[in-house]
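K.L.:
Let me begin by handing over the structure; questions about it come next.
Just so you know, all these numbers are worked out from the coordinates, no wet-lab data involved. Just so it is clear, the structure is predicted and the values come from calculations on it, not from any experiment. Methodologically, a virtual Cβ is constructed for each residue, glycine included, from the backbone with ideal geometry; neighbour enumeration extends over all protein chains shown.
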Amino acid sequence: PLLVGLLANKDPAAKKYAEWTGKACRADGLRYELRVLDDPIDVEAALMDANDDPRVHGIIVYYPIFGQEESFSGASQDDYLRDSVSFKCDVEGLCHTYRTNLYRNVRYLDYPSNTEKCLLPCTALSVVKILEECPGCYDMTRPLGKRNEGKTITVINRSEIVGRPLAAMLSNDGADVYSVDVNSIYLFTGGRLHKVDETPESCVRKSSVIITGVPTKSYRLPTEWIQEHTTVVNVSSFKNVDEEALLKIPGVVYVPLVGKVTVAMLERNLMRLY
């Protein structure tokens, strides 16, 4: 299979992700072609070319490109680009088809035949796979949709790429999930979304799992909010928590990085599209 990456920004995290992707694909015998674009305005044309190329099995766009810049065709120009990737090539699982199914908890493209699984966003999926291996986070003996039942989880990030889909995935698995962003807090529970009168502190104190994805160097999650035996996963390229103080809390499980697992999930999605 051939994976095409489109890079049109100077973001160091995006560049590092592109490097990891290429290195992992080459090591695993997968073809990877990075197309670097000097002008972001050229991304749409490059994306359409890749969609129409029968040699291409997967496409990944390294965001952000336009950030929250408005678009005539969607909420933002980056949203428009996400929806422009054909679902037949969308290794990121971020296009409208996959995104809508995720938020409706529809797990197959061909319901009710249920032979072709939907793809899920790579970074969010990597966190779920990590949590499945962490003690006490998932009960894999239970049926789908109930393996997180009884758990309270806080996700500090509500980006379209990571925080929002991750909160939905964890809720779809049965957890009560607080989605914390700069200006609001929502609770995903039982397939429904509720705006709640909580604070970041009250959410964290209730949670047995905390995922941080704040993309700023200055942010630190106060460790005094974190309870004993909590699992903490850092998704940000910055350290969102004082690691030394965190590891003094009895029973804490700390996952500082998810990059390698994210690339593995990207390859997994590519093979499903092949």
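K.L.:
Find how much the distance from Arg107 to Val182 grows on full extension, using 0.36 nm per residue of separation minus their present alpha carbon separation; answer in nm with one decimal. All intermediate terms of the calculation are to be shown ahead of the outcome.
P.N.:
On the way: separation 75, 0.36 × 75 = 27.00 nm, distance 3.01 nm.
Net length gain for the segment: 24.0 nm.
K.L.:
Counting Lys +1, Arg +1, Asp -1, Glu -1, what net charge surrounds Phe238 among other residues with beta carbon under 10 Å of its beta carbon? Provide the component values of the computation, followed by the final result.
P.N.:
Working: positive: Lys217, Arg220, Lys239; negative: none.
My count for the surroundings of Phe238 gives +3.
K.L.:
Using modelled backbone amide H atoms (1.01 Å from N, in-plane), which distant-in-sequence or interchain residues come within less than 5 Å of Val61's amide H?
P.N.:
Leu6
K.L.:
Follow-up question, since we're still on this one. What chymotrypsin sites (Phe, Trp or Tyr not before Pro) does the stretch 1-58 have in DSSP loop regions with at most 12 other beta carbons within 10 Å? Before the final figure, lay out each step's value.
P.N.:
Working: sites: Tyr17, Trp20, Tyr32; in loops: none.
Listed in order of number, the matching sites amount to none.
K.L.:
Go through the stretch 51-97 and name the GluC sites (Glu not before Pro) that are in a DSSP coil and have 12 or fewer other Cβ atoms within 10 Å of their Cβ.
P.N.:
Details: sites: Glu69, Glu70, Glu92; in loops: Glu69, Glu70, Glu92.
Counting only loop positions with at most 12 other Cβ atoms within 10 Å, the GluC sites (Glu not before Pro) in the stretch 51-97 are Glu69, Glu70.
K.L.:
Out of the chymotrypsin sites (Phe, Trp or Tyr not before Pro) in the stretch 38-124, which ones are loop residues according to DSSP with at most 12 other C-beta atoms within 10 Å? Let's see the in-between values first.
P.N.:
On the way: sites: Tyr62, Phe66, Phe72, Tyr80, Phe87, Tyr98, Tyr103, Tyr108; in loops: Phe66, Phe72, Phe87.
When the chymotrypsin sites (Phe, Trp or Tyr not before Pro) of the stretch 38-124 are filtered for loop state and at most 12 Cβ neighbours within 10 Å, Phe72 remain.
K.L.:
For Tyr108, enumerate residues with amide H under 5 Å from its amide H, sequence gap 5+ or separate chain, H modeled in the peptide plane.
P.N.:
Cys118
K.L.:
Over every pair of different alpha-carbon atoms in the chain, take the mean of 1/r and invert it; report that Kirkwood radius in Å. Walk me through the intermediate numbers first.
P.N.:
Numbers: mean 1/r = 0.0517 Å⁻¹.
So the Kirkwood estimate lands at 19.3 Å.
K.L.:
Please check the chain for the longest run free of trypsin sites (Lys or Arg not before Pro) that are loop-located per DSSP (anything but H, G, I, E, B) and have at most 10 other Cβ atoms within 10 Å.
P.N.:
Numbers: sites that count: Lys10, Arg55, Lys248.
Result for the longest clean stretch: 56-247.
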